[in-house]
Amino acid sequence: MGRDLTVFMVDWGQLGAIPVESRIGRLDDMAWPWELDDVDNGGYERAHGWLRPPGSAPAWCTEYNFLNTTGAHIPHVRAGAAWADMRPFVDASVRETVDSFLGGLIWDADQVDVPAASGGEGGVFPPAGDRVHPNVLLVCLPEAVAGKARAWERVEPCLEGLRGPFAVECEGWAGRPDTFEGFVALLREWGGVVTEAARRGWGLVGLP
């Protein structure tokens, strides 16, 4: 069975107050129930995919539930690989903007077949002990999130222009998204994620 990708929007100031070696555990503890019945019956609030705990205390960490696409890790990997295949056939100005948006989320310029596993970067988390199963799948600092939100504003109007390159390089290939519509739906969800995190001035963390 494949692993999941659990994405958190995090108040970086609050995260920084937790000892480095304890941060992954604290985020694991903050993960909310995935079953819809549990969310409804337990008083959890779901707004645009974000799961928030009940109560009046302000949350410093919120989990994103990929309700419109999937929280399984592999489809995100495949979308990143699809972009790696397509990008040589995309106009340079659009390519640069999409690179800025997807880089470190589901695509990495140096390792195009896997999302950027930046655990330990800048001392935010302990170094991964197992390169095959890293402790952290992505780390996106608040300033980087703000840049991705700006990039998404430029990417969204250009999405339809990616249809041709996708059809040529990805359609029907194993290990790539099944359809262009599925590929774009995943990008749109990530666009919503970075937009909301940037609005709050928070960062993003992805755990397996």
Extended-chain gain in nm, criterion 0.36 nm per residue less alpha-carbon gap, Glu153 and Ser22: 43.6 nm
May I ask you to rank Arg199, Arg176, Arg23, Arg188 by accessible area, largest first, using a 1.4 Å probe over the protein chains only? Arg199, Arg188, Arg176, Arg23
Rounded to the nearest 10 Å², what accessible area does Ile74 show when all protein chains are kept and the probe is 1.4 Å? 80 Å²
Largest first, how would Cys61, Cys158 line up by accessible area (1.4 Å probe)? Cys158, Cys61
Could you please put Trp190, Trp12 in sequence from largest to smallest accessible area, using a 1.4 Å probe? Trp12, Trp190
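The values are calculated or read from the model by the stated rules, or taken from the named source; none is laboratory data. Owing to the predicted nature of the structure, the values given are computational and were not obtained by experimental measurement. Ligands, DNA and RNA are stripped out before the accessible areas are found, and what is left, the full protein with its side chains, is counted by its heavy atoms. Shrake-Rupley method; radii C 1.70, N 1.55, O 1.52, S 1.80 Å.
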